[in-house]
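Step one of this worksheet: look at the structure below.
The values are calculated or read from the model by the stated rules, or taken from the named source; none is laboratory data. As the structure is a prediction and not an experimental result, all values here were calculated from the model. Positions of Cβ are generated from backbone atoms using ideal geometry, with glycine treated the same way; all protein chains shown enter the neighbour counts.
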Amino acid sequence: MWDLTPSDPRTVGPYRTRAVLGEGGMGRVLLATDPTGGLVAVKLVRDTFAAYDDTFRQRLHREAVAARRIHSPHTARVVDADADAGIPWLAYEFHHGPTLHRALTATTALPPDTVLHLAAGLATALHDIHTANFIHRDLSTANVLLTDTGPVVIDFGIARPTRPTTG
């Protein structure tokens with residue numbers, strides 16, 4: 001987690017931003033609070049995606065609606081989105097924990113019981129994602145959080161651009 005930079009927005013929709021959680025190919029993820037004080041992870045979509053692809057915002061809206069149908073103890077649920085905002089955004093449930101990638105780089109091997117627990121949680125997540133007629137599109141060690149309640153799949157790679165972009 002890092003401090004917000006001067007260029008980070010202090011609010012996104014109804015959310016007040018607090019810190020930077022990370023950055024990836026689709027955009028920047030900020031820790032924010034909702035109007036009741038609860039934590040969410042707000043993904044700001046890179047403006048270059050919305051600017052070059054006429055159908056991007058429509059796909060983002062459609063896929064955010066679809067992703068809200070995923071209900072699983074092992075996925076971060078999409079709780080809100082605005083595909084029409086100047087910079088499109090999605091708000092996910094916030095789950096605290098390191099990524100599986102970070103855990104694997106910090107150790108030589110995970111204990112067998114941990115691997116079994118991880119596999120069971122990921123299988124449940126994938127089952128629940130597919131039951132909602134959704135495809136994750138970017139399942140990797142960077143998109144699995146290790147939380148106190150088990151693994152949580154994050155970042156559904158929603159609304160990928162249809163053609164390459166630069167920037």
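Among the conditions (1) touching a helix residue (DSSP H, G or I) at 6+ places or on another chain (Cβ under 6 Å); (2) surrounded by 17 or more Cβ atoms within 10 Å (Cβ to Cβ), the only one that Ala142 does not satisfy is (2).
Among residues of the stretch 126-141 that are closer than 15 Å to Val78 by Cα and touching a residue at least 24 places away in the same chain (Cβ under 8 Å), those with a beta-carbon under 7 Å from a residue that is assigned to a helix (DSSP H, G or I) and of a type outside the set (D, E, K, R) at least six positions away or on a different chain give the pairs Phe134/Ala66; Phe134/Ala67.
Those strands (runs of 3 or more DSSP E) of the stretch 1-50 in which at least 1 residues are under 25 Å from Thr99 (Cα atoms), modelled with pLDDT of 95 or more and of a type in the set (D, E, K, R), considering only elements entirely within it, cover 15-23. The set of residues in the stretch 65-78 being crowded, with 17+ Cβ neighbours inside 10 Å and of a type outside the set (Ser, Thr, Tyr) consists of Ala67, Ile70, His74, Ala76, Val78.
Of all the criteria given as (1) under 27 Å from Ser7 (Cβ atoms); (2) hydrophobic (A, V, I, L, M, F, W, C); (3) surrounded by 18 or more Cβ atoms within 10 Å (Cβ to Cβ); (4) in contact with a strand residue (DSSP E or B) (Cβ under 8 Å, 6 or more places away or on another chain), the one not satisfied by Ile87 is (3).
Can you pull out the strands (runs of 3 or more DSSP E) entirely within the stretch 54-167 that have at least 3 residues that are among the small types (Gly, Ala, Ser)?
On the way: elements: 78-82, 89-93, 144-147, 150-153.
Where strands (runs of 3 or more DSSP E) fall fully within the stretch 54-167, none carries at least 3 residues being among the small types (Gly, Ala, Ser).
Identify, please: which residue in the stretch 22-44 is of a type outside the set (Gly, Ala, Ser) and farther than 21 Å from Ala83 by Cβ and is, among those, surrounded by the fewest Cβ atoms within 10 Å (Cβ to Cβ)?
At the first step, the residues of the stretch 22-44 found to be of a type outside the set (Gly, Ala, Ser) are 23, 26, 28-31, 33-36, 39-40, 42-44.
When the remaining residues are screened for being farther than 21 Å from Ala83 by Cβ, the result is 31, 33, 36, 39.
Values: Leu31: 20, Thr33: 15, Thr36: 5, Leu39: 14.
Once the filter is applied, the top-ranked residue is Thr36.
Yes/no matrix, rows are residues, columns are (1) modelled with pLDDT under 95; (2) over 14 Å from the mean Cα position of the chain (by Cα); (3) buried (at least 17 other Cβ atoms within 10 Å of the Cβ):
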{"site": "Gln58", "(1), (2), (3)": "yes, yes, no"}
{"site": "Glu63", "(1), (2), (3)": "yes, no, yes"}
{"site": "Phe94", "(1), (2), (3)": "no, no, yes"}
{"site": "Asp128", "(1), (2), (3)": "yes, yes, yes"}
